Each structure stands twice: as C-alpha cells, then as structure tokens.
Amino acid sequence: MTPIPFNKPCLVGQELAYVSQALASGWISGDGAFTKKCQARLAQSLGVPQVLLTTSCTHALEMAALLLELEPGDEVILPSFTFVSTANAFVLRGAKPVFIDIRPDTLNLDETKLEALISSRTRAVVPVHYAGVGCEMDSVLDTARRHGLSVVEDNAHGLFGRYRGRYLGTFGRLATQSFHETKNITCGEGGALLINDARLIERAEIIREKGTNRSRFFRGQVDKYTWMDLGSSYLPSDLLAAFLCAQLEAADKIQAHRRRVWEFYQEHLLGWAKDNGIPLPCVPPHCEQTYHMFHLLLPSLAQRQAFIAHMKARGIMSIFHYVPLHLSDMGRRFGGKPGDCPVTEQISDRIVRLPFYNDLTEADQMRIVSAAREFRIA
Ligand SMILES: Cc1ncc(COP(=O)(O)O)c(C=O)c1O
C-alpha cells in the first residue's frame, strides 16, 4: 500500500530551466531579473501598486509590523485560530496581540466581535483569509475605518481568491503572501508583501534591504547606499524567485487542478458527511476560494483523533490544524485563558485536513474518500 502524504511539492513547468537561467546570468542574490519578474507579474495580475518578494510570509508580516511603526503597548487584533507568525510579527515590535474568535462557518475572524475588542491602544487588525476564503471585508474595513485602524491581510492561503469580485490582498494597507512548500504556488520557502498604500513603498524597500537604500542605488537613483532605518534581510535569492516565476506562470493550470481535487472531495464526501453530521468547508457565494485545502469538522476531539488514526492505518496522512494561540504558553502570557474564544477552541479540536497537492491523482483521491467513508462516528 503506497502511502499518501498530506502534501507533496511538485514541478509544474519551467522551474529547473529558470533556476539554471538564473545561475547562468551570474546573478543569484536578491532583486535579480526573476525577482523583478515575479513582483511585476503579481502586481499586475492583482492590481496592487507594489509587490516585494520576501523570504517568507512570516518576514512579510514582520515588515508590515515595522511599517506600522507600532510601539510597546499598542494592540493588534488577530484571530487566535491562525499560524503563530500572524501574532509573533507584531509581538516582536512590543505590541500586544488581542485575540478575536472565529465564525463557525468559514472559520474566519468573526467580524461581529471586532468592535468590542477595540481600545484606545488598538492600532491594527489582521484578517486571515482561512483556506483562501475571504473574511467579511466590508464589515472589517468599515469598523477599521471608523476607528482609524490599519488593516493587514494575512493572505498566506488566499493568493488569487476574491471577495465580492475583488482579489484578496488588495483590501488592507498591506497584505502578505506565503510561497511555503504547503501553498498552492511555492518556491519551498518564500513570501511577498503587497503594498496597497503607496506611501509605504519606499520605506518597505529600505526595511527589506537591511535598513539601507540599496534598492535606490541599484536603480541609479543615489550614487552610494547607506543605513537609513530599521531593517533586516528579507530579500530572497533570485534562485528561489526563478523557481517561483515558473510556478506563477503556471498558476491557472495549478488552480484548475486544485479545483478538481477540491470538487472531487466535495462530491464524494457530501452524502457521507450529511449522514454523519460532519460539516464540509463553507464557501459563501460572494467568495471565490483558492482551493487551498479541504477540511472536515468531526464531532469531537476523540472522534477527530480516531479519524486521523483510521486514515493513517490505511496509509493516508490527514492532519489537524492550528492550536489556539490564546491558549499557547505565549498566548497565556498575554492573558489568554480557556473560554476566551469558544468557537476557536472547539474547531481546533474538531478539524482535520485531507491530503491536498497539485498532482494528487483521482485514484489516490478515491482511496482517500473510500477510507473516510468507512469511518464510523461512534
Ligand atoms: C495564516 C498563515 N500565516 C502565515 C504563515 C507563515 O508562512 P511562512 O511559512 O511563509 O512564513 C502561515 C503558514 O502556513 C499561515 O498559515
């Protein structure tokens, strides 16, 4: 029985040819031809004023926190149901994370709970578009505008997803992307900062280049470069950008395949899920999702663990997802306690994600759905 992994990176086109091309060009550090190509392609296809490739989504979030000039004691509202980097980036600047609960349907932040969490210290809100399904941005933006808050979209899952026809990542002053191995489009480790507020562009370039104006120097706008501001090394090698460029060129093919994978799960699990009271992913009609993942909500933690073991015994890796940040060691240091985010706490216990990658075959998917349907809810 061949094991079916949860995730598997795969080549979709010109990746290796472009990596060789970067090498042959004699420029493999950052800001080479492929970095520029990726940035231009993303900016143009999303309609964003400026895109900067970064070494990860984590680093793009750190850049966002630096750009917001947060001060110790400032508060940033973000979901507890997210990856640790969504919080860490702001905590690194001395800010306090204030955890907001999620909606039980889309698992995105519950926009109706936002207003009540805003204090005189609140500076920003970070919507995470979970599974590439848009948060309720009309409401989030309206609340943020009324209270003068910056919006930073953590769009790690949501590249090319849309909310009411508009691309995710184009709503906030800033947005962040991930090109980690587990994402639809990847270069192993990588990310991008989308800059919608053009006033932040010049400083973002400086922060990404170790706090120097080297980007302006490369463009011939200054005759030497020097230390200008805070910053770090957030610029990826052009070798990674070359790999990414090939994946971006194949984005339509990747998305079409992932859509088939997602729809296969939906079609073949719907009846079983209904009979057993297991919710499948919820995609509201005004959201175009990215087909990033397929998850099930089992009735309880014990059932979820039994499901994972059941699948594993059949050679299939299915896995849980985020552990609530407000209940982590770090989250508790910020006052987090059980009951603060009740929906997050129960979803975190119940969620399981099925294998999902670009070249998952129908035969393997048939094995996965058959194994899932054999699982009996006690
Ligand atoms: C919502 C979210 N934000 C940020 C990240 C961090 O991404 P990266 O690994 O590119 O730093 C992840 C990782 O999967 C994520 O799920």
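The values are calculated or read from the model by the stated rules, or taken from the named source; none is laboratory data. Computed from a prediction, not measured in an experiment: that's the story for all the values here. Every residue, glycine among them, receives a Cβ derived from its backbone with ideal geometry; neighbour counts consider all protein chains shown. We work out accessible area using only protein heavy atoms, side chains counted, and drop any ligands, DNA or RNA first. Shrake-Rupley method; radii C 1.70, N 1.55, O 1.52, S 1.80 Å.
For the reader, a short list of remarks on this structure follows.
- Of all residues making up the range 338-348, the number that are open to solvent by 10 Å² or more (accessible area, probe 1.4 Å), touching a residue at least 12 places away in the same chain (Cβ under 8 Å) and part of a loop (DSSP other than H, G, I, E, B): 1
- Scope the range 249-281; condition over 17 Å from S370 (Cβ atoms), over 23 Å from the mean Cα position of the chain (by Cα) and surrounded by 13 or more Cβ atoms within 10 Å (Cβ to Cβ); matching residues: none
- All positions within the range 67-83 that are within 16 Å of the ligand (Cβ to nearest atom) and either in contact with a Lys or Arg (Cβ under 7 Å, 6 or more places away or on another chain) or in a strand (DSSP E or B) (or both): V76, I77, L78, P79
So that you can scan it fast, the table gives a plain yes or no per residue for (1) at pLDDT 95 or above; (2) more than 25 Å from M366 (Cα to Cα):
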site	(1), (2)
E205	yes, yes
Y225	no, yes
A246	yes, yes
E249	yes, yes
H257	yes, no
Y265	yes, no
L270	yes, no
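- Search result, residues across the range 7-48 that are outside any helix (DSSP H, G or I) and open to solvent by 40 Å² or more (accessible area, probe 1.4 Å): K8, P9, L11, G13, Q14, G26, W27, I28, S29, G47
Results for (1) open to solvent by 10 Å² or more (accessible area, probe 1.4 Å); (2) near the ligand (Cβ under 10 Å from one of its atoms); (3) farther than 22 Å from Q255 by Cβ; (4) in a loop (DSSP other than H, G, I, E, B), shown as yes or no for each residue.
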residue	(1), (2), (3), (4)
V98	yes, no, yes, no
P104	yes, no, yes, yes
K113	yes, no, yes, no
G134	no, no, no, yes
R145	yes, no, yes, no
H157	yes, yes, no, yes
F171	yes, no, no, yes
T176	no, yes, no, no
K183	yes, yes, no, yes
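- Residues of the range 186-205 classified as in a loop (DSSP other than H, G, I, E, B), open to solvent by less than 20 Å² (accessible area, probe 1.4 Å) and within 16 Å of the ligand (Cβ to nearest atom), total: 3
- Residues being open to solvent by less than 10 Å² (accessible area, probe 1.4 Å) and polar (S, T, N, Q) - total across the range 349-378: 1
- A residue that is closer than 24 Å to M1 by Cβ, in contact (Cβ under 8 Å) with a residue 60 or more places away in the chain, open to solvent by 70 Å² or more (accessible area, probe 1.4 Å) and assigned to a helix (DSSP H, G or I) cannot be found anywhere in the range 303-312.
- Restricted to the range 159-169, and to residues there that are open to solvent by 10 Å² or more (accessible area, probe 1.4 Å) and either of a type in the set (F, W, Y) or assigned to a strand (DSSP E or B) (or both), the residue that is farthest from N88 (Cα to Cα) is R166.
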